[in-house]
Amino acid sequence: MIKIKGILVALCSIMLFWNVTVFAEQQNTEQYTEKQVSIRNGTLTFTVKNGEHKKDCRCYPTMDIIIKEDKTGTLKDGDVIYFETSRQGEIYCQNEYLEIETKDLSAKEVEEEEIPQKKENEFAVRISRKNINEPAEIKIHSDIYVGRQCDIGTIFSLQLNTDRTKKNNLFSGIEEQNIVLNEQFLKIVPFSTGIELIGQFPTLSFTANKNAMFWNGAKVQLKHNVFINEKGIAMISFDDYIELSEKLYQIGFEKMKEEDNIKVHNKLLEYISQDIIKDNIETTTLFQTVLDKKEDIYYVSLRTVAMIWNRQNNIAWNNDTKTITII
């Protein structure tokens, strides 16, 4: 089951963008790197996602790490695992919004003030373990801040810090150098929408119960199906709304930055943020008319999206084909 892990709001120019990060139960092995590290007569397997970040994209990349022990009890109460990303002078990436899931133990991020002389490109996780029943597993998810000074082609590695001076460091001194978990966990690549720069609003066509749409006749894959909810309203996932908004901005469509449209966008963010904290989206007056939630995924009505894009008078519904078109 896919679960919502957090909400990211980034301020770019004068428009806010939102992204819901997802941590899947099954990972694509072609996109992950495994590293086995021997410790205490056991082995810990670190599985780290290989990621790319488009330079100047107004979104944050993410980091996913899975840690598994082969023998029950290898990880002990009080252990601290110190992670570090590579750094080239003032070019580095920084973890934010760290979230952790565990099995057979507890783990939490070590507070910044608990790490003497903490560097921007490092973070740590402390283990709490009272009862040992089965091999433990830890899933770590984090948004990553990458400075705009990073050039295309910049590559960041992820390492285990082996510094002996760090308190309760599980890997203290086992090697002279840090242990590299993934030599290329994040790479900076060129930004490309894959869509012609036209400088005017394209024709966008969406079909109910399909996870693809058409942009000026060209098929574009969506993350989630467009669907018609119980009130007969066409809904699109927030993930897809944000990606399409990004592409519109990149082709020079500036009307989406108008103040009233930004206010609507930010109000939706407010409702979603409150729901993540209080789980009360069903009690809002916007439920199923503007916002909806299905299998822990947030949706917004296509009519509201058209309004934010200043196309409220240019949206049409074809009942025969179950198609919504925005022009």
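What does the highest-first list of 80-90, 317-327 look like by mean Cβ count within 10 Å?
80-90, 317-327
As a quick test, which of the pairs 71/118; 108/187; 219/322; 35/76; 108/294 have an alpha carbon distance above 24 angstrom in this structure?
Beyond 24 Å: 71/118; 108/187; 108/294.
So who's got an amide H within less than 5 Å of the one on residue 110, skipping anything under 5 residues away but keeping other chains? H placed 1.01 Å off N, in plane.
The answer is 124, 125, 126.
Which is farthest toward the positive dipole end of segment 79-127 among 83, 97, 125, measuring Cα position about the Cα centre, with Cβ charges +1 (Lys, Arg) and -1 (Asp, Glu)?
83
Bear in mind these aren't lab numbers, they're just calculated from the coordinates by the rules spelled out. Just so you know, these numbers come straight off a predicted model, no measurement behind them. We place every Cβ from the backbone using ideal geometry, glycine too, and count neighbours over all the protein chains shown.
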